[in-house]
Each structure stands twice: as structure tokens, then as C-alpha cells.
Amino acid sequence: MTIERSLEGRNALVTGAAAGIGLALCQALAARGAYVVGADRNPEIETILTSQGVTGGRGAICDVRNEEQVAEAVALAARDDRLDILICNAGIFPLGAHIEKLADADWDLSLAVNLTGTMRFMRRAIPLLRKGKQPQIVVIGSRNVKAPGPGAAAYSAAKAGLTQLARVAALELAPDGIRVNVVHPDAVFDTALWTAAALERSAERYGMSVEEYKRRNLMKTIIGASDVADAVCALLGPAFAKTTGAQIPVDGGNDRVI
């Protein structure tokens, strides 16, 4: 199937771009004609993007906790002194722990990466988005925002804060014509987080086989990184041109969310 180059001439910046959802986003945006800068702390980010078919763009080595590196990544993406698309995907799932055993370091790291890092990118990007063509911010949230689980307080609280940040951004930026929407994926198994061992442990906890666990949503379907990327690209397109402040699940249907 030929993909229409619907984002031709648009400047896009994706955080957390070296693998999983971030890499799939870079591939999808580039296939649609966008100039893509993928930011990631992996020092091989540029080589990774090139080897995975993300042509015509750049990689930016960036730890979202580093203000200087954030500024450099935004500047690299802003050709002609404008940015059109910011996709805030960088995130981390710290070691699971119940609240009474939750270490300060794990809590602080989750907030620093999942929440504060995104705020830094927004803060830097907004002046350039105001000059953009159909400017948009898409934030990658999590099913945990609406259906958290035990042992994931640091991650769930950070992602809930991230969603609230996006809602405030939608309110503040609508007068400038900048749309801000959130996508909430769940159980995207083709990412580095889900090793074979992690899958087996989780499946055993639910009394399921690995294949059953992968399809435990209402539609009994597997969610992949490319599915999330396709949903984001739909949000970037004309069908959602008058939508801001939305929260879109990509989870196969979750009874706790619904």
C-alpha cells in the first residue's frame, strides 16, 4: 500500500526515538514526507534512524533531563525557524514497587523523565510552533492514566501529570492555533520494555499463556508500535483538524477505561 505524503514540508520532532513507539513514529512521519528529527539519549540515534529507513532527517542525542540538549534538539528540528509537529514520547517505566517500598530515586526519575522532560520540550518548542504550519503537539500517555495498577505509582502518577500538562497546554495554545492531543497506548509489546522474561512473568501473574496475555484486551488483538504511530498520524491529518484537548486510547478496548 502506498502511503500518501500528507506531511510533505512539515518539520517534526519526536522524543524517545531510538526504539519502540518513538522509532515507529519517526518512520511513519518520514514516510509521509515530513522532515523528522528523532531525539534520544542513545548515542547511536542517527545511525539507528538511518538504518531503519528514516531518511531526510536527523538524530539528536538528548537526555530530556538536560536543558541544553533539549534546546539543541528543538533547534535542529526547526528548519526555517519554525516547528510544525512536536511528539512527546520519551518515557521510562521504573522498577515496579508498592508505595510503602517505593524508593525516592525511582519516584524522582519517573517524574523527571515522564513529566518534567516533556514540559522542557514544550517550553522550548512553543515559540517555534507559533510560526508553524498547522502546528500540533501530540503527547504519548498511557492506559495507566485511567486504569492504573498496583506497583506502578511512580509511572502512573507521572503519566497522569503529563496528561494534565497536555490539557493545560491545549487551553493555553488554542488561541495560537496550536492543537494538543494525547494518545494512550496499552501493552505495546514490540518495545524494549517487554522482554521475553517480562512477558512470561506478566502472563503467569494473570494465569495466561503469553499469547493470551498479548490479547487480553476486549478486541482480543495485539497492539504494536506501528498501530500507535498510525493513530498519531491520523491525529495530525485533516480529519482531526478541529480537535484539541482529546485523549485517544490505542488499547484494543479496556473494560476499566471504558
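The values are calculated or read from the model by the stated rules, or taken from the named source; none is laboratory data. Worth saying up front: this structure is predicted, and the values here are computed from it rather than measured. Here the Cβ positions follow ideal geometry from the backbone for every residue, glycine too, while neighbour counts run over all protein chains shown. Heads up: the accessible areas ignore ligands, DNA and RNA and are worked out on the full protein's heavy atoms, side chains in. Shrake-Rupley method; radii C 1.70, N 1.55, O 1.52, S 1.80 Å.
When Arg65, Arg58, Arg41 are checked against the criterion of being more than 20 Å from Phe93 (Cβ to Cβ), modelled with pLDDT of 95 or more, among the basic types (Lys, Arg) and open to solvent by 10 Å² or more (accessible area, probe 1.4 Å), a single residue qualifies: Arg58. If you scan segment 42-69, which residues turn out to be closer than 16 Å to Arg124 by Cα and of a type in the set (Asp, Glu)? Once the filter is applied, which keeps residues that are closer than 16 Å to Arg124 by Cα and of a type in the set (Asp, Glu), segment 42-69 yields Asp63, Glu67, Glu68. Within segment 174-219, the set of residues being basic (Lys, Arg) and closer than 30 Å to Arg130 by Cα comprises Arg179 only. For segment 87-130, filtering for residues that are modelled with pLDDT under 95 and of a type in the set (Val, Ile, Thr) leaves 1. Scan segment 217-258 for residues that are without any contact (Cβ under 8 Å) to a residue 12 or more places away in the chain and either crowded, with 18+ Cβ neighbours inside 10 Å or at positive phi (or both) and the total you get is 0. Kindly evaluate Asp106 against the criterion of being on the phi > 0 side of the Ramachandran plot and either assigned to a loop (DSSP other than H, G, I, E, B) or open to solvent by 10 Å² or more (accessible area, probe 1.4 Å) (or both). So Asp106 does not fit the description; no. When you check Leu193 against the structure, is it open to solvent by 20 Å² or more (accessible area, probe 1.4 Å), under 20 Å from Cys62 (Cα atoms), among the hydrophobic types (A, V, I, L, M, F, W, C) and in a loop (DSSP other than H, G, I, E, B), yes or no? Yes, satisfied. Among the residues of segment 19-48, those identified as within 19 Å of Gly9 (Cα to Cα) and either touching a strand residue (DSSP E or B) at 6+ places or on another chain (Cβ under 8 Å) or touching a residue at least 60 places away in the same chain (Cβ under 8 Å) (or both) are Leu25, Cys26, Gln27, Ala28, Leu29, Ala30, Arg32, Ala34, Tyr35, Val36, Val37, Gly38.
Okay, residues lined up against (1) closer than 13 Å to Asn181 by Cα; (2) assigned to a helix (DSSP H, G or I):
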position	(1), (2)
Tyr213	no, yes
Val228	no, yes
Ala234	yes, yes
Val257	no, no
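Considering segment 44-55, the residues that are part of a loop (DSSP other than H, G, I, E, B) and polar (S, T, N, Q) include one that is modelled with the lowest pLDDT, namely Thr55. Residue count for segment 70-99 under the criterion of being in a helix (DSSP H, G or I) and touching a residue at least 12 places away in the same chain (Cβ under 8 Å): the result is 11.
Cβ-Cβ contacts under 9 Å between residues 6 or more apart (or on different chains), taken from a first residue in segment 106-124 that is in contact (Cβ under 8 Å) with a residue 60 or more places away in the chain and under 14 Å from Ala73 (Cα atoms) to a second residue that is in a helix (DSSP H, G or I) and open to solvent by 40 Å² or more (accessible area, probe 1.4 Å), are listed as Thr118/Leu165. Comparison of Ile137, Ile61, Ile48 shows that the only residue that is in contact with a Pro (Cβ under 7 Å, 6 or more places away or on another chain) and β-branched (Val, Ile, Thr) is Ile61. Scanning segment 45-56 turns up no residue that is hydrophobic (A, V, I, L, M, F, W, C) and touching a Ser or Thr at 6+ places or on another chain (Cβ under 6 Å).
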